Structure formats: structure tokens, C-alpha cells
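Just so it is clear, none of the values below were taken in a lab; they were calculated from the coordinates. Every value quoted in this text rests on a predicted model; they were computed, and no experiment measured them. Cβ coordinates were reconstructed from backbone atoms using ideal geometry, including for glycine residues, and neighbour counts include every protein chain displayed.
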Amino acid sequence: MDVPLPHLDRPFDYLISAADDAVAQPGVRVKVRFAGQMVNGFLLERVESSTHAKLAYLDKVVSGERVLDPEIARLARAIADRYAGNLSDVLRLAIPPRHARVEAQPEPAAAEAAGDPAAEAARDAAAVAAHEATVEVARDAAAVASPDAGCGVADDAARDAVPDAPRDAARVVAADIKRAPDAVRDAALDAASDTAHVPVSEAASDVATDPVRHAIAEVPRDSGARPAPDVGVETAVSGTGWDDYPAGPAFLHALEQGRDARAVWSALPGEDWPARIAEVAAATVRGGRGVVVVVADARDLDRVDRALTKVLGEGRHVALHAAAGPSERYRRFLAASRRRVRVVAGTRAAMFAPVADLGLVVIWDDGDDLHAEPRAPYPHAREVLLTRAQLAGCAALVGGFARTGEAQLLLETGWAKEIVAGRDMLRARSPAVAPTGDDSQLARDPGAVTARLPSLAWQTARQALQGGAPVLVQVPRRGYLPSVACAECRMPARCPHCSGPLGLAGARAVPTCHWCGRAAAAYACPACGGRRLRASVTGARRTAEELGRAFPGVPVRTSGRDEVLDTVPGDAAVVVATPGAEPVAEGGYGAVLLLDTWALLTRADLRAAEETMRRWLSAAALARPGAAGGRVVVVADGSLAPVQALLRWEPGWFAARELAERRELGFPPAARFASLTGRAEAVAELLAAARLPQGAELLGPVPAPEDQERMLVRVSRGRAAELARALHEGAAVRSAKKAALPVRVQVDPAELL
DNA sequence: ATAATAACGAGA
DNA sequence: CTCGTTATTATC
């Protein structure tokens, strides 16, 4: 129901008139009278009776289009629960606005779809399942004397007029899921970890999602609908780019067999990753199941889109993204929901795409902050897709050049397996990486060379250009919040009490924690004992013209926020790009320069190091292999961990180190945070109403914009589900009391300053 | 928003 | 003790 009030976040039952009986199927949009006004909703399921005494009639069925897939309904509930949000908010993200004209238009490729026997069979199987589910619910439901259908006509008359007049009720809005699906997946992640364990409710011992039995990757799928996988035969799919990874062919094979293999994939430098994703998608389709692929931005989507067309052929998949416009967006949504295509690729909006008989979810570059949804309840695409894989019992692939702490946790808990290349393959493909100190200040000849380009960087670039190869220069974007670091050793300064980052309000101000607000007047660096702090300041962005002066006669191109280049030719040119906007060069770059790294590394964000690593690896991956002359120069101290990881091309080593450190400090994903933002009295009211789990740690308040404040709540991973429930209930108490002042509740807030 | 229901207080 | 009025609460 389209009422985003926490205390009304549950299904409501309505009677269905005889006239609506046929069209009132689960998943359709409906209009109902609710609290005196007409509201929109989705029909969740048909039940024979309701425990509610006096039911109203469904006002009308908006359209017979079943836009809310049962799988998505379950997923949406799980995501709402995980993020302490409302189902209606999640459904708004999951289902695009209706476009009546598009809905009425004939299917463009209807003939092809109708002729597909596999699709036909899938449809039948799904129909049977849906029917049984309804029966199951009806048997459980308490008997109730409900007024009959028939639009106001008396009982008997109605039954006479329409012999099969239904006496059904419709459950509108949400599935009556009795277990907490969030706990299921979290328990899976916790199963092998040392943190407290979430007790899985009895109802959750449902085999299909049993976390313990399915904690090992590549478990045969528990489904009678599909022939059991061939366990004994180890036929691997070969002849694809996945042959470069020891575990690759077996993963493809598992997908063809319809098994729920789950993997974290560290792509080789220079990898044509869209082609690899197309290959896993094709393998899943060969196995008779569907695929959802989520990438961070439109540029990545274009590449995946092209690769999918190449491998699957025309009209076999759709690309979903916001830029397409409302009607096109709805058209493509319908292509998936009507089972015309089995493969959907898209930006984060595609994470809820209704793909029938889902076999695989893929997320590329899960560290990109574009994967975090900015609308309530702020779900992250990686979490949505992994929850989806867990609930649907399908395969999952988390890929990237870099590896996030969350992906590392999936490996360490045994939820997923690693797909990485062997050492030799890695050596053959990696560019030669060298660190260099920033010696530019020492340049004798500042007029001839650009003032701030270190000599090694300059020499490397010149060499590549002379060889006729393009050079990529990565410069960070301006505007990162500077944080505070030790003036001696540049170690980021953290709060002695809660490990939050320290900030300096002014030049002479006492350093203060961004999380708990405590002043750290007597701060001493834990690494070197230094007592002086400095705020790191992003240096002035080097302009393309400055670089042009450094390399006279060479064309300089830029790719950044306003104009993003997809590709550049393989000729001598300097390409200046901000992170995430690096074009792919034909044949690879001869040299990649990573400049102004200090600004990246000292950002006032928990993920500064991880993010730096991600951006370096993504840029460095565009260089040629070292054997073909590919060079990477990173202007940073060679002893820093991210630099080390880049030199040896070991994203896994870095992620493991990072995760261990976060465990130590109580950072996500080792702990779970929630932030509450609002006016002080409102935040206090919510906290008073919420029964926070044991051991919940309150940090703050710190001031927030517009006269507001922010509180952080930290709990162990094992209590994460409890925390979300408590916050949702707290919000429900407040909304039931019609509390006027809003409080924004964010579980896993995108930025933890 | 609005309807039901509980709570309350004044006058019989 | 009843009736009329007002706060409270649930919203099929």
C-alpha cells in the first residue's frame, strides 16, 4: 500500500467482487479505500478467508499486469527489514511507474517468445507454484464469515447470478512472511565468523534457504523442478576468457548446471570484463535460467550491453537505467516481467528486475559508491543482490579489479569462493608499477617541466608517448573533505574513544571526533607518538593545459564530470581523467600516472584506503602488460599498504588486511552502524521508543545541517537484524503518534565520517 | 483524513 | 448513572 508510515507497514485484507475475480491476481496494482481515502497498492496474494472481521471491497484493479513478482515481493520485504524501512518505499524502487500506453502496446518480439519452449515450461511451472501457494495459505487461514461478493447484492442473489462468485479476500501490499529473511542471510555470513550468531527462527529452517547447509559455494540446488546436477562429472566449460582463472571453467559449468555457485572475482588487469560477464550470463541462460547484472554507471552498462548482444544475440536481454525515460523504462521492465527476456543488465535500479527463474546475479565493481541507493531506505545494490541470491537460491558473482571489505567477508565466512588468476598469469598481464616520492618541488627547472610532476612520472610518460602510446593521468576530483592526520607520519588520526575520525574545525581548534563528538585535546599518534596534527588539503587540480605544457606537441584530452570519454585511440596522447571517468584505450595505455594521491588517501572517510585502492586498480588495469611496455607510476610512499597492494597486484591481500583492521576497530562490515538524523528532540524520542539490542553503542550527537543532529548506533553483526527491527518499531511508535518532526534512519549509512 | 472507541465530566 | 463531549487510536 502506498502509505510509507512505519506503523502501517503490513498487509491488509480486502474482499474481491465477482467482477474483479479473474483479473485480481497476485502482483497486480489495485486501488483501495484506506482510512477514508483512496490509495494505491499491490495485490500480494489471494486468501480464502481473513482473520479481520469486517472487510471492505477492493475498489478496483488498476490493470491486469502482474508487476509485482512473488520473488520480488519477498525480496522487498527482506530489504525493508534489513534497512529498517517500509515495504512501500522499497516497492517504489523496485517497480517503475506504470505507463498505460506502453502496457497496451503489442509485444515487439512476441512471436519469438511464444515459440520458446523453455519459456513456456517456466511459465507453467510458475503458475503451478503460485496456485499451490495460495492453497497453502488458505488452509492455514482461520475460517471467517465474510460478507459475500457481488457488489452490494444480497448473498444468495449474488451466488445465483454468478455461480462461481468468489468469496476470496485479497491480501494487499505485502506477503505475510513469518520469518525474518534478513536473519537468514546474515546468519549465513556469520556462520563462519567469530561474532555472535543470530538465532534463526524455526520457521527459517526451510531447506531452500538454510544458511548452514548452503554456506558452502556450489551446493546442488534443492529443486525438484530441475534435474539434479551431475556431481561426479567435472566437465568444465572451456574456450572462454574464464580459462585464465583456475576456478573459472568450473564456475561456468556450475551455472550451466543451474547450481547456486557463489564467487568473488578479482579481474586480471586489462581484463575485458564485460565479455566475461556476458559469458557467465550465457552459461546461465544455457542452463535454462535468468540473469541480473548490475553495474555502477551508464558507461559500464553500455559496455555490458554490447557484450551481451555479442554473446546472446539481438533481443535476448534488456538494459535498464534511469536515463531511458519513463515509457522506455516501463517497456523494458515489462520485457523482463513478461518473460520475453531472461537477462537484465542495468544500473542499481535493475537490482529488483523481475527476472523469471533467476539463476545468477552479478555485481561489477561493488565498491563504487553509485551502488548505494540515495532514496529511503537506502539499500546497497550488493546487499540487495546477495539477499536475492540467498532467497532465490541462485548463483552470485561479485566482481571487480578491487575487492571490498564486504566481498572479503563473503569469502572469509565461506559464503562465496574466490575466482582469482594464478601468479604466473597475473605476472604476464600486469603492468610494471613503480612508486615515486613527490620530488617535483626539487625540480631545478620549473619553467620547462610542469611544476608539480615528479620526474619519474614525467620520464615514464614521455617514454610511452615517444613510443606512440597514449598516457592516462588520473587526478582526484576536488572537494573531498579533508581529515586530520599525524603531522609526522601522516597516519590518519582516530578518536581514542570510538575510533571515529578526528576533525579540526579551525586552525587552532581542538581536534574533535566526527562520530562521538568528544574532544581529543591530548592526542598522540599511536604509530609514532607524534603530537602535532595537520589537516590534509586537496591540492589545486592540475589542469590539462599544465600537462599540455609538460608534453609539447602531444594532444591532451580530458574526461571528467562534464564530459566522459568512453574510449580513446591507441595513438600518442595525454588523457587526463578523474576517477571513474577513465576511457579505455585501444590496445591499452603505455603509461598510467596516478597523481595527487595524498588527497585520496587522507579523505575523511572510513573507506578512504579501500576507495583509493579501487581507483588505482581501475586505472592501472587499463595499462598494457609490463612485457608490452605498460608502466604505472603512483606518486605515493611505497611503504603504504595500498601502494604495496598495487605494486604486487594483490587486491585480495589488501582486502583481508583492511577487513582485519575494521574488525579491530569495530567498523563495517565487521560491525553494523545505523545513523539517525533529525532535530535533537525527534532523535531522542525515536531512541526512547526503540528497544535497542543488548550491547548497542550510542555515539554522538554531532551537529548536522539545518539545526539537526546525528546519532550513530553501533552493534555487532550478530545483532544487526535486531537493531533494524528496533529502529523500525521505534519509528512506528512515533508515526502512530503522528510525530511531526522527521528522523532519517539509515542502516549502513553510505558515508561514515 | 476519518471513523471507531475510550475517557471524561457535568447534571439528573 | 447516563448523556454529550472530547481525546485516542486504528486504518482491512
Q. Where the centre of each part is set by its Cα atoms, how far does the stretch A:652-698 sit from the stretch A:1-53, in angstrom?
A. 36 Å
Q) Ranking A:F333, A:F551 by Cβ neighbours within 10 Å, fewest first, what do you get? A) A:F551, A:F333
Q.
As a test of the definition: which semi-axes, in Å, follow for the stretch A:576-730 when you take the square root of five times each eigenvalue of its alpha carbon gyration tensor? Largest first, please.
A. 41, 17, 13
Q | Nearby lysines by direct alpha-carbon distance to A:K737 (threshold 28 angstrom, same-chain neighbours under 8 apart not counted) | A | A:K31, A:K54, A:K178
Q. Kirkwood-based Rg over Rh for the stretch A:335-389 (C-alpha set), two decimals?
A. 0.97
Q) What Kirkwood radius, in Å to one decimal, follows from the Cα pairs of the stretch A:294-448? A) 18.0 Å
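When a footprinting reagent is the concern and you count Cβ atoms within 10 Å, what order do A:K737, A:K54 take, fewest first?
Numbers: A:K737 11, A:K54 8.
So the ranking, lowest neighbour count to highest, is A:K54, A:K737.
Calculate, for A:A53 and A:R375, the FRET efficiency according to 1/(1 + (r/R0)^6) with r their C-beta to C-beta distance and R0 45 Å; round to the nearest 0.05.
Values: r = 37 Å, r/R0 = 0.82.
FRET efficiency, A:A53 to A:R375: 0.75.
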